[in-house]
1. Which loop-located GluC sites (Glu not before Pro) does region D:260-344 contain, where loop means any DSSP state but H, G, I, E or B and the Cβ has at most 11 other Cβ atoms within 10 Å?
2. In whole percent, and with a 1.4 Å probe on the protein chains, what portion of the accessible area of region B:197-236 is carbon and sulfur?
3. Below 16 Å, Cα to Cα, which lysines can D:K324 reach? Residues fewer than 8 away in the same chain don't count.
4. Calculate I(q)/I(0) for region B:1-134 by the Debye formula, one identical point scatterer on each C-alpha and no solvent, and give its log10 at q = 0.12, 0.15, 0.20 Å⁻¹ to two decimals.
5. Separation of region C:219-271 and region A:201-242 by C-alpha centroid, Å?
6. Rolling a 1.4 angstrom probe over the protein chains, ignoring ligands and nucleic acids, what is the accessible area of E:C180 in square angstrom, nearest 10?
7. Could you give the C-alpha radius of gyration of region C:20-129 expressed as a fraction of 2.2 N^0.38 Å, taking N as the number of residues it contains?
8. What is region B:39-174's relative contact order, in percent, from Cα pairs under 8 angstrom and six or more apart in sequence?
Amino acid sequence: MIEFIDVDKTYGKGVKALQNVNLKIDKGEFVAVIGLSGAGKSTLIRCINRMHDITSGSLVVDGIEVGHLRGKEIRKFRRRIGMIFQSFNLVTRATVLKNVLVSFVPELPLWRKLTGIFSKELKLKALTALDQVGILDKAYVRVDQLSGGQQQRVALARTLAQNPYIMLADEPIASLDPVTSQQVMDDFKRINQQMDLSVIMNIHHVEVALEYADRIIGVREGQIVYDGPSQEVTDDILDYIYKGGKEDVTTEAYEEGAYV
Amino acid sequence: MIEFIDVDKTYGKGVKALQNVNLKIDKGEFVAVIGLSGAGKSTLIRCINRMHDITSGSLVVDGIEVGHLRGKEIRKFRRRIGMIFQSFNLVTRATVLKNVLVSFVPELPLWRKLTGIFSKELKLKALTALDQVGILDKAYVRVDQLSGGQQQRVALARTLAQNPYIMLADEPIASLDPVTSQQVMDDFKRINQQMDLSVIMNIHHVEVALEYADRIIGVREGQIVYDGPSQEVTDDILDYIYKGGKEDVTTEAYEEGAYV
Amino acid sequence: MFDKVFPPKEIILPNGKIIMEKRSRTPLTVLIVIVSTYLSVKFTGFEFLVLLQSGDKFFDIVVAMIPPKWEYLPNIWKPLMDTIKMSLLGSVIGSLVAVPAAYLAASNIVESKMVVMIARFVLSVLRTMPTLVTALIATFIFGLGTLAGTVAIFLFTLSYVGKLLYEQIENASMNAFEAMESIGMNRIQAFRYAIFPQVLPNFLSTSMFCFEGNVRYAAILGYVGAGGIGLLLDEGLGWRDYASVGMVLLMLAITVFFIETISEHFRKKLI
Amino acid sequence: ESEEGNTDGSTENEAEASETENESSASEEESNKAIDELSISFVPSREPDEITTATEPLKELLKEEMANLGYDIGNVEISVGTSYEAVGEALSAGTTDIGFIPGGTYVLYDDGAEVLLTSTRAGLTNDSDNAKDWNDNKPTEASDEQVTYYRALMIAGPSEKGQELAEKVNSGEELTFEDIDSASWAVMSTSSPAGYIYPALWLKDNFDKTITDLSNKVKVDSYGSAFARLAQKDIDVMVTYADARRDNADTWQSDFNREGTIWDETNVIGVTSGIYNDTISVSKNSEIMDEDLKTAIQQAFLNIAETEEGKEVISIYNHEGYQKASDADYDKEREAQEMVQSLN
Amino acid sequence: MNVIEKQLYAAPRNKTYLFVITGMIVALFLWSLTAVNIENMEESGWSIAQSILTGIVTPDLDLLINFTKQGVLYLLVETIAIAFLGTIIGAILAIPLAFLSASNVVPKPLAYLTRLLLIGIRTVPSLVYGLMFIRVTGPGPFAGVLTIGLISVGMLAKLFVDAIEDLDTSIFESMTSIGCTTFEKIRFGIVPQLFAIFLSVIIYRFDMNLREASILGLVAAGGIGAPLIFAMNAYRWNEVGSILIGLVVLILIVELYSNYTRNKLVRG
Ligand SMILES: Nc1ncnc2c1ncn2[C@@H]1O[C@H](COP(=O)(O)OP(=O)(O)OP(=O)(O)O)[C@@H](O)[C@H]1O
Ligand SMILES: Nc1ncnc2c1ncn2[C@@H]1O[C@H](COP(=O)(O)OP(=O)(O)OP(=O)(O)O)[C@@H](O)[C@H]1O
Ligand SMILES: [Mg+2]
Ligand SMILES: [Mg+2]
């Protein structure tokens, strides 16, 4: 369970990235965050695992007040939150398997950390994760030889290997072609349903968001301007999220969005 | 006017990239070519300005049989056909203006070619082209300091400065984000309409293609499997273009697509 | 500054828009280069005429080296091996030490500006010292012989590889680093698993390149008593025995060629 | 007017020289020959930093003297390096006019160099072939006599091994090659007579070995640093010219921080045969060089060595005066080198 | 699980290869250790190091702030002049050689021969070149300039070749589509790309050459090297200090400036 209470986030010289955010996300939800570039979507997601610090307010994840965590605690906390990036963020020169194995590093004894030699057990775990996203056969291929879609699946497997209970995804399909996007989104959906883990995803492709997510959160200029089930999203609401819409639409949409 | 008559194109060891292509594109049309990776879209476009030679058949551009052109004639012919690439293909270490000025190079006297000093008149022309795509203020910035969208606009300006009557574009928005893509597509549309020049574009984003193009050409395995107005494109047709569809859909779609 | 002295030129487009064209800096740069060249010519007494007239005398010594004195070969092996050992040892240790040094000097990894500044300053100062000078000082401290040479080579390698490595670290993509942090690694671990694999091939190739250079450089360390084949070179030159010098240089060239070929082979494999 | 030379053949040269000199001084009033630049190269053998500054006066002195001898010199260019080879090559190629080089270097580069003068300096109170005599009669002082040769000494330092060797010599025992070989040696560049060649000859004469046979030897580039290393016990034995200890007596205690004096702490363990002093050689291949100029230069240096100011300048090279020299004077040196080289 | 285990054992077996390579490296390393004989190490090393340090921190200010021909400033200027001119000469010579040894420009055998020539040029130590050039020019900075020029050729050509070999040729495609001839493609496609890189390499080399130029004094080829070595041999550490401080400050300034310019050139 993730709860934002009056969260504000200001970058350096007064860039207000998040303003007065109140939000509650339950276990097992599939939430899509949409909004214009620069609206604050990435910031929102990154606050959850403390990649960014919030400026004020309180953010509670699974009963833990995230802002109070320190050093080692933060790292321990992050272990159970998976994160997927638009650009996959893999080590391209290493093999697929090595990329997945990396997710076990924080728990290794020092000598293994240094040498990068992993036990058989961990290797099996990593291979299982690869199997879950269907690219087991690529385990020993170097990542830079994979297509974009396959790379995103490696990232997915790496995150699964962490055995997370929350999955954060920052525009995971932005750099994929339509066909591959669909496969990756299917993966997300399956994982979300089979493992009952929450997925919170930033996404630019509105149609895709509507198709896969249970719930849509619209962000504009750092504020949450819509929050509701995806079935209820209309063109007017989208207009409102993306363009600010007309005054009347605003109120209407806001009421609708404020039902949480 | 561009006309493909029974065009075949075979690469090296029997890779049939184009087979039996018949096509007619009029002045001022905005045509989007869609299809899977490797379908032959790039090949189709590149044959038009003789970047590739066709293997058999005949390709007539503005009354000129392209296949018969030789040496200097080819270069002269290409001067009036603009081409835009997915990776922009700019000289990143030179300024925006210098990149645009390159399009005048073939017409310069030798001493100017050697020194790279351009006349004021040409500079004005180039600046005007930059103004047309809205990045006049970046004229003296080095290209590697621009964002992807801005770089694509520089490429566009360079092509405009050529004063072409046909514009070929090979996935011009593939490496751009949605918002920038939209701007660049708007540019294309505006140029297409204001200057009445034909635009033929390869594109992976179907929705974008449907939104901007007047006419859609679907390519699969080197063959044109659909050709019709974008309004008439249905999901079934897309399915047919991309996946080959089921047999029944095929015939249906084919009939629809064969109306040209 | 420049723009104040030479204000930008206005260009007015046909449609009335105005754009400022900054004055090209090329003429000024060219002028500066020409003036500096002229001054340097004056300062160093460079005379092209002399080169034309007696440039051929350069080849007097080259000619005297040919043919090389083959009988000298047996004397060469040991010092040559010493030279290789010296450079190998210095290069290996230097490259290894360069990794933590570069880590500390990379501003995208280490957050403390102070640490970065200090690490960079140390690397820079090390780099400014000519190797021959370092070697000479090393002979005073570590005694004459190969140890001093090794120390000099070590210091040079450290500074050279260290600098290039931290530049590469700063240019490396931070994407994977970010992902590692999101997994819950600390910065050192994230560096080890995200950045290090990225810079590894380049690091190895820089180190090998440096090793090649060091073999060449070690050849003159003998001049200051730092051991190796330089002693033979010096002796040959002292006796005006250019045929032996030619032999030494030939062997050195062959060695360098081999090292270059081998390291080229591995570098290609790495990238 | 010039001092009496004892070297054979020098009287003849001298006679010739004074003849030409008279001729040139006769024509002096009418017109002096103009020479744009005269270049001098040398390798400092002592505290070198002093040398660059202290040679400034030499320029003026030389110009003056040459003007008197019928040459207007535009500029005297003095360059200093650390290798004799550089001076030798420059002389041989004719790119420098005058070189202050040791006899050994002269012999190597005599294809292009011609010796004009040999330097003289005060002899020493010790001139024995026997090392023990040098240790018994300490410290070594200058004598009144001017000599054209000097000796090289093998000097053992304060290190354990050095002391051990010294004791053996002083007790009258013969050193064996094993003794010699177990010590670490500092030698100079292979063309240095006192720092390499004559010690090599000494090894040859006494043990039928040469310097390359020594297992622990290092090359130093100045006697100063050799003494420094000796003082640090970095090396056990160094080879040097006979009055080097006099030159380094002060620094031994001040700069090198030794307790005892250089005379107490170092001992001679070997003495070589006489080495001809440094030469002033000119290049045969220099464009401006001709017989007249050679004699003028010869005379100019002889004259400089007569004046107080001149003496001071040349004292930096340990030169006190000059005697005319001929190529034949260095025949012995040639033999020595041939032998050393054949040993290689 | 079965499939997964199977995949586990399907891991490519390059272990032997890695073992052999690692073994070789370790063996080489151990072998090279034999070059170090610690016995030579001096007990007095520490005290020497101390006097060097004290000398460097208490430099001879007279020598440092001295405007005569023997002062550090004059010598530094001379060193700069040598390095500057040498770099220019080296760069001019290196450009044709680089193209001749780029395997994507000239036929392979020619490229190979040029490469051998470059290795030859690089192998000869600067001090030997110094001697060779003294025969041409006589002792003095002129010889230094030529020496620096020649040793720069080898390194510059090597770095130039790298730049030539990873030229971005995608620009060619668009220039072809504009209708440019090969010459025009080279002039407007390649030259602007290479110019910036070459310039940056040259500036980098100038930086290195300053260091090289400071040792040429050994063969009477001018610059600050001779006084530096003399002062060291005479154990005058405060003179060494003043020379080194001058040298280090100069090189640091040049390095800062050259880093800045190179960044601008390469990254824009
Ligand atoms: N590190 C930062 N420092 C300062 N400002 C930042 C930083 N990161 C983001 N911002 C600013 O905060 C605002 C929100 O940024 P954010 O990255 O969250 O937007 P976004 O919705 O993810 O946009 P996009 O769709 O382009 O990824 C923007 O105005 C952005 O410029
Ligand atoms: N130069 C070439 N030599 C040989 N085969 C080629 C060459 N260029 C393309 N092909 C082949 O021709 C076919 C059509 O290629 P083309 O590049 O036209 O496809 P495309 O539709 O543009 O694909 P994409 O969407 O990936 O750009 C493919 O099978 C491709 O492998
Ligand atoms: Mg974002
Ligand atoms: Mg294509």
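1. Numbers: sites: D:E265, D:E287, D:E291, D:E306, D:E308, D:E309, D:E312, D:E320, D:E333, D:E335, D:E338; in loops: D:E287, D:E306, D:E320.
Loop-located and lightly packed - D:E287.
2. Values: 640 of 1450 Å².
C and S fraction of accessible area: 44 percent.
3. Partners within reach: D:K294.
4. -0.63, -0.90, -1.23
5. 70
6. Using a 1.4 Å probe on the heavy atoms, I get roughly 10 Å².
7. On the way: Rg = 24.7 Å, N = 110, 2.2 N^0.38 = 13.1 Å.
The value comes to 1.88.
8. Working: 160 pairs, mean separation 50.2, N = 136.
Relative contact order comes out at 37 percent.
The values are calculated or read from the model by the stated rules, or taken from the named source; none is laboratory data. These numbers come from a predicted model, not from an experiment. Virtual Cβ from ideal backbone geometry, glycine too; neighbours counted across all protein chains shown. Note: accessible area is taken over every heavy atom of the protein model, side chains too, but ligands, DNA and RNA are not part of it. Shrake-Rupley method; radii C 1.70, N 1.55, O 1.52, S 1.80 Å.
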